[in-house]
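A short write-up of the structure that comes next.
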C-alpha cells in the first residue's frame, strides 16, 4: 500500500506573510530563521496534534469494536485546559497524560486514581517506576527537528500503538 507523504507548506506561507508585514510595518527580521526556538514551538505543537489525532483514530475504532457508546468500557480523550495542546486518555480511573513541558520536551505518564504518577512499562520491564517518559526534540543540521526517546528517533505510529496497548491493558483491570 502506497502512502503519500503530505508536504507542509506552512513555512513558505509564513515567510510570505512575514515579508508582507515587513513591507507594511517597516520591521525587518533577517535572522529569525537561524534561531530554532520559533521552529521548535511550531514543531512541538504539530507533533502533539499528530499524536492526538492518531490516538483518536485508534480509540474510535477500539470503542466501536467494544460495543460503541452502550459499552461501559469506553476510552475517552480529553484536552487539558489552560494548555496549548496537552491531552489525556481516560478509562476506569486510569489516565494516560501527554504533556508538553517545553518546546523541546514532552512527558508521558500514567496517573492512577488521580494521585500516583507512573511511567508506562517498556518491553522487557515488568513494573513501572515513579517517573514519566520523556520525548525530546533534537535540532539537527538546517534546523531539522527529530523527536527522540532514550536517544532513538521516535516512530510516531509505533509509539502510539505501544502507549495505547499499555493503557488498554492497564485500564481493563
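The values are calculated or read from the model by the stated rules, or taken from the named source; none is laboratory data. Keep in mind that what you see is a predicted model, and the values were worked out from it rather than measured. Positions of Cβ are backbone-derived with ideal geometry, glycine not excepted, and every protein chain shown enters the neighbour counts.
Observations, loosely collected:
- Residues that are surrounded by fewer than 13 Cβ atoms within 10 Å (Cβ to Cβ), in a helix (DSSP H, G or I) and in contact with a strand residue (DSSP E or B) (Cβ under 8 Å, 6 or more places away or on another chain), drawn from the range 59-87: none
- On inspection, residue 111 fails the criterion of being in contact with a helix residue (DSSP H, G or I) (Cβ under 9 Å, 6 or more places away or on another chain) and at pLDDT 90 or above.
- Per-region count, the range 78-107, residues over 18 Å from residue 46 (Cβ atoms) and touching a helix residue (DSSP H, G or I) at 6+ places or on another chain (Cβ under 6 Å): 5
- Residue tally, condition over 14 Å from residue 160 (Cα atoms) and surrounded by fewer than 15 Cβ atoms within 10 Å (Cβ to Cβ), over the range 108-124: 6
- Among the residues of the range 88-101, none qualifies, meaning not one is surrounded by 16 or more Cβ atoms within 10 Å (Cβ to Cβ) and in a loop (DSSP other than H, G, I, E, B).
- Candidate set from the range 24-58 (those that are modelled with pLDDT under 80 and surrounded by 10 or more Cβ atoms within 10 Å (Cβ to Cβ)); member that is farthest from the chain's Cα centre (by Cα): 28
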